[in-house]
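Below is one structure; the comments refer to it alone.
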Amino acid sequence: MKNKQSIVGHLACFVAYAIFGFNIIVCKDLTAGQLISPLTIFCLRSLGAGALFWLISLFTPKEKVEGRDYIRIFAASMLGFFVCQLTFLVGIPHITPMDCSVLSAISPIYTMIIAAMVLKEPITWQKAGGVIISFAGIIYLIVSRTSAEGAAETSLFGILMIILNSLSFSLYLGIFKPLIGKYSVVTFMKWIFLFAFVVSVPFSAGEIVTLNRNAIPAIQLAELAYLIFCATFITYFLIPVGQKRIRPTLVSMYSYVQPIIAIVISICAGMEMLTWQKILAAIMVFGGVAVVSYSKSRVE
């Protein structure tokens, strides 16, 4: 039984991060035309995924949420979805898919730092060394992208937004892990998306009402549907499923799936070229993350 649960957890994490990898390409193209603002995309994302979770909740066992937990769920919604996804949508037009995927893969580093602060997990020399290697890789990525060749593709603003995106999601998982495990996925997520929608709709309602849907190409409407259904509803359903069944270290290791898929697709689609500078930066980032992930841990 335990082995079966572990398989389910591994499969859930793999599928979720594979969808995230393809989503980098989708969001890059969706935001490129600037037909829909990032905040409006976020609002539609919250509305669509939230409606699906509320619909499912009608056919699942009723679960009561404690009164004091509503405030905590609201805070989790702001950190794990509002800040996390809005920074991604704002930053993705200013960074290449390859650079974005490399920066997204450093989330295990953030997890280690959060574990040290929240769970009092000791930081060993091996972990510190891994952080330094990955940090050096990020610095090299920033420096190499400020050259004449890459300045128009990846900006410092885009890099900072993607770093904030990964950091906010890692903080969400670390700080609210007990709360995530307290309720079912459907119950927790339906409130997460409802709070996110309520906060975002006052700022995007005007654009939604006046949006010229006929001016949006069919391909971008399909990308928006993918973002709402696959990259939001399915992934936010699967990640908690994986968290409850396999160790945090293993969950974080699946973040490697995301950049592999994004890099392969972006190269095959001709969105960017694979240069030795990018390869070196990726090796430094992934190498540092690997050192941290395989170091001994007091809490698994």
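For the reader, a short list of remarks on this structure follows.
- Residue satisfying condition, being surrounded by fewer than 17 Cβ atoms within 10 Å (Cβ to Cβ), of a type in the set (V, I, T) and out of contact with any strand residue (DSSP E or B) (no Cβ under 7 Å at 6 or more places or on another chain), within set T210, T187: T210
Yes/no per residue for (1) buried (at least 18 other Cβ atoms within 10 Å of the Cβ); (2) at pLDDT 70 or above; (3) within 19 Å of D99 (Cα to Cα):
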position	(1), (2), (3)
A115	yes, no, no
P122	no, no, no
K127	yes, no, no
I159	yes, yes, yes
I162	yes, yes, yes
F169	yes, yes, yes
L179	no, yes, no
Y183	yes, yes, no
F193	yes, yes, no
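- Against the numbered list (1) farther than 19 Å from C43 by Cα; (2) in contact (Cβ under 8 Å) with a residue 40 or more places away in the chain; (3) surrounded by fewer than 18 Cβ atoms within 10 Å (Cβ to Cβ), V201 comes up short only at (1).
- Failed item, numbered, when L55 is tested on (1) closer than 19 Å to V185 by Cα; (2) touching a residue at least 24 places away in the same chain (Cβ under 8 Å): (2)
- Residue list for region 64-82, filter: β-branched (V, I, T) and either more than 17 Å from G50 (Cβ to Cβ) or modelled with pLDDT under 90 (or both): I71
- Test: residue in region 140-148 that is of a type in the set (A, V, I, L, M), modelled with pLDDT of 70 or more, loosely packed, with under 14 Cβ neighbours inside 10 Å and farther than 18 Å from P259 by Cβ: no
- Residue in region 212-219 that is over 28 Å from I113 (Cβ atoms) and small (G, A, S) present: yes
- Filter result (of a type in the set (S, T, N, Q) and at pLDDT below 85) within region 6-28: S6
- Region 26-57, residues that are within 20 Å of S101 (Cα to Cα) and surrounded by fewer than 21 Cβ atoms within 10 Å (Cβ to Cβ): K28, D29, A32
The values are calculated or read from the model by the stated rules, or taken from the named source; none is laboratory data. Note that the structure is a prediction, hence the values are computed from the model and not measured. Positions of Cβ are generated from backbone atoms using ideal geometry, with glycine treated the same way; all protein chains shown enter the neighbour counts.
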